[in-house]
Every structure is written in C-alpha cells, then in structure tokens.
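Structure first, then comments.
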Amino acid sequence: MSTTMMAARMHEVGAPMVLEGVLLPEPGPADVRVSVRACNIVPNLANILANWTTWFPQNPLPALPAIFGLDPAGVIDAVGEDVRGFQVGDRVYVNPGRHCGGCKACRRGDHINCTSFAFAGYFGFTSTASEMLDRYPYGGLAEYMVAPQYALVKLPESVSFEHGARFGYLGTAYSGLRKAGVGTDTTLLVNGISGTLGLGVALYALAMGATRILGTGRDRDLLERVRALAPERISVFSTKDGAIDDWVRRELPDGVDVHVNALGPGAPHEPFIQGMKSLRRGGKAVNIGATAGEVPIDVHHMMDQQHQLIGSVWFTAGEGEDMAAMAANGMVDLSVLENVTFPLEKVNDAIHGLENRHGGFSNYIISPSTN
C-alpha cells in the first residue's frame, strides 16, 4: 500500500484548497483508519474557511495547512490494537466531535461539554481545543483519515455513504429534538424548515411522533416541498407574508410545545424572537442554527410562562446509532436528499456551488476515495 494519499488542504485563511499528496496516517491503539467514500460539504463551510478567525478569534481553526471536512463516511481499512467492536470492512460515519477524556465533564461522560471540545476538520469550541485538533488533524477531504473508535457510527447497508455523510446536520436536529422531549403529543415550530438543518428537524420530528409541525422559511416552493412530506401533519408559512407568532396563534391558539430555531449565522433576529412568542405556557425553545449576536429576550415573560431556552450543539455517537437504526427500519426516509457528488479535485467548485442548491434537499458531497 502506498505511504501517501491525496488530500485537499487550505494553506491560508480564505484561500482556495489545494490538492496535494500527504503522508498516509497511521491509527493509534484506540483509533481506526477510514477510507473516505463521502464527505458532506455543509452550508456553513465557506463561512468557516473565510470568516472564522474574524468572527470567533477565541476559537481555533486547525493548524494550517489543514485538511477540512466535517462529515465523513467510509469503510474502515485499518484498526488499532485496542479497538473493540469495529473491524476492517465496517461501513461507518465518523462523528467529528473530539474530547480530551480527562476534564471533569469527560470523566462524567458528558463528552460534548469537554473543556477542549473540537470538531476535527472544522474548528474548536474553546481556547484549549487546539490540543484535540492537533491530536486528530485529518478531516474528511482526503482519501483516508484517522479517527478514535468512540467517534464511529456503524452504517447499515440501507444507508448510503452519501446519506451517511449528512448525519452531522441530521444529528444536530435529532439531538435538539431529544433535549426538548419531542414525542407523540408534541406540537412544533421550526424556523428555517426548508434549509439543511430544518429539513432534518422535520424528518426526525415526524419519526419521533410530533403531531403538528409548523415550518417557516422564505421560499414558498421549497416550503411546499417540505409540506408534501406529510401534508396531514406539516403546515408551512412564508415569512414574506407576516409575523410568525401571529400565524402560529391562528393555527394553534395556545401556542406550540417546542420552537426549534434552525436559522444560521447572519439570519435576522425577528424570526427567533417571534418563535419565542409562539410558545405555549411551559414551552421549550431550542437553538441549533447558530443565530448570532445579542438577541433581546423578555426574561420576565420567560419566568412567568415557565419557558426554557436550550442551546444544543451537535450529537453523540450513540445518538448517531439511533439515527442509523431509524433510517434502516423505515422510520426516516433519507431518499428525499438529492445527492450532488464531486470528485476531490473539484472541492472548491463544490463549496462555491452551494449557493445553487435546492435548500435542504440538496446534499453536496465530495467523494475522495473509491478503494
């Protein structure tokens, strides 16, 4: 086997990625090496590459030149001597979340709240996250990558690598719904339902039994495509037609049980605020979309109405196993995702072509390896 592989690396912040040969990584004792068959190009990647050091200078990027790639899926081709439960040939999704194992949160098993938590191939969440990025420097935009066994999610044969590579945003949606306690008697408002995150919320909320899903967005055609997934349970509303909370109260006079905000950085604050106003007494709001800035919230009203506001980032490998099982048994239909696949050498075209996607229905994928 060759000792080198091809990878797309960014050498300067904001510069195009360069395809070049790098050393083939070797797994450590508790690691595996994965032949990457698909890596999702998430909508926020262009922002991360160009603006992260300006927007969030306290949170590090991987050391440059860096191999990015948040959401890889592929086949294990080598395992470390201490790996258990995985073997060569297994089809897996690689959760990019990395934790130190030694801080108080990690010792309690609360790995997402690790004081050095980082996304391999993307960025870190704290000033000490560089330790994790340096330990696992390979993202998914390469023919091979090394990952710890704790990050792996086994993919059933019924879930393609392309659909598995969407698990990051789908998992963000699923974990947020779990934190809000969504179940068979839940009514739900999703701001940004036709986007990449919002569509995942709709798919998994349907599977979890939500009785009514109210979704908002701007593009009426995309909204209708979402409604058509389950017209007896999903209602949609364009924000071009008025205030969200007025529409929600017309649909459900007491308000919704849960408001999920799936709008990303740069989105106006009004939909978030109107979503908070749409909650019933005792309702919960979950922010998964990274709406940025200081949003004015009436905390006295929240107290009186016993509202909760939850920030939810990413998901665990265990939740990923749940998601894979739900897809395998037909509870979630991932075939609604339209895969647009590029070879590794076209990575820059894929990143800049995202503006042409059909909302959350488009699944932009890099296919680095066919081995």
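Evaluated with a Cβ-only charge set (Lys, Arg +1; Asp, Glu -1), the range 296-354 carries a dipole of roughly 100 debye about its Cα centre, given to the nearest 20.
Hey, can you find the accessible area per residue of the chain for me, probe 1.4 Å, expressed in square angstrom?
Numbers: 15340 Å² over 371 residues.
Computed with neighbouring chains in place, this is 41 Å² per residue.
So the label point goes 7 Å from the Cα of Glu355 along Cα→C-beta, right? Which residues of the range 23-67 then have their backbone N under 14 Å from it? Within reach of a label on Glu355, which here means backbone N under 14 Å from a point 7 Å along Cα→Cβ, the range 23-67 contributes 46-47. When peptides 78-84, 117-123, 336-342 are ranked by their average number of other Cβ atoms within 10 Å per residue, the highest-first order is 117-123, 336-342, 78-84.
Report summary: the helix-based calculation at 222 nm, which adds -39500 (n - 2.57) for every DSSP H run with n ≥ 4 and divides by the residues of the chain, gives -7500 deg cm²/dmol.
Residues whose amide H comes within less than 5 Å of that of Arg218, counting only those at least five positions distant or on another chain, are Thr239 (H built at 1.01 Å from N in the peptide plane). Distance between the modelled labels on Thr53 and Val13, one decimal in nanometres: 0.5 nm (7 Å Cα→Cβ projection). For Lys277, a cut-off of 20 angstrom between C-alpha atoms picks up these aspartates and glutamates, skipping any fewer than 8 places away in its own chain: Asp241, Asp245, Asp246, Glu251, Asp254, Asp257, Glu294, Asp298, Asp304. Spatial offset of the range 14-52 relative to the range 72-130 amounts to 15 Å, using the alpha carbon center of each. Residues of the range 98-124 with backbone nitrogen within less than 18 Å of a virtual label 7 Å along the Cα-to-Cβ line of Phe86, please, listed as ranges. Output list for this probe position: 98-101, 111-112, 118-122. Taken along its principal axes, the alpha carbon cloud of the chain reaches lengths of 64, 39, 39 Å, longest axis first. Taken about its Cα centre, the chain carries a charge dipole of roughly 560 debye when the Cβ of each Lys and Arg holds +1 and the Cβ of each Asp and Glu holds -1. Under a model in which nothing but the beta-carbon of Lys, Arg (+1) and Asp, Glu (-1) is charged, the range 119-242 shows a dipole of about 340 debye around its Cα centre.
Return the single residue from Gly353, Gly168, Gly74 with maximal mean-square fluctuation; model: Gaussian network over the chain, springs between Cα atoms under 10 Å. Maximum fluctuation in the GNM of the chain, among the listed residues, is at Gly353.
Would you mind computing the Rg to Rh ratio of the range 1-93 from its alpha-carbon coordinates, Kirkwood style for Rh? Show your work: numbers first, answer last.
Values: Rg = 15.3 Å, Rh = 15.0 Å.
The Rg/Rh ratio comes out at 1.02.
What net charge is computed for the residues neighbouring Leu64, neighbours being all others with C-beta under 9 Å from the C-beta of Leu64, Lys and Arg scored +1, Asp and Glu -1? Within the 9 Å Cβ shell, the charges total 0.
Measuring between their Cα centroids, the range 173-242 and the range 250-308 lie 15 Å from each other.
Determine the relative contact order of the chain: mean sequence separation of Cα pairs under 8 Å and six or more apart, normalised by residue count, in whole percent.
Details: 868 pairs, mean separation 67.3, N = 371.
It rounds to 18 percent for the chain.
What length, rounded to one decimal in nm, is gained on full extension from Asp185 through to Ser335, with 0.36 nm per residue of separation minus their alpha-carbon distance? Spell out each step's value before the answer.
Values: separation 150, 0.36 × 150 = 54.00 nm, distance 2.64 nm.
Length gained between Asp185 and Ser335: 51.4 nm.
Which residues does the label zone of Ala328 cover in the range 74-92, counting backbone N under 15 Å from a point 7 Å along Cα→Cβ? Those under the cut-off are 85-87, 90-92. Ordering Val75, Gly139, Val286 by the projection of their Cα atoms onto the charge dipole of the chain, which places +1 on the Cβ of Lys and Arg and -1 on the Cβ of Asp and Glu, puts Val286 at the extreme positive end.
The values are calculated or read from the model by the stated rules, or taken from the named source; none is laboratory data. As the structure is a prediction and not an experimental result, all values here were calculated from the model. Every residue, glycine among them, receives a Cβ derived from its backbone with ideal geometry; neighbour counts consider all protein chains shown. Ligands, DNA and RNA are excluded from the accessible area calculation, which covers all protein heavy atoms including side chains. Shrake-Rupley method; radii C 1.70, N 1.55, O 1.52, S 1.80 Å.
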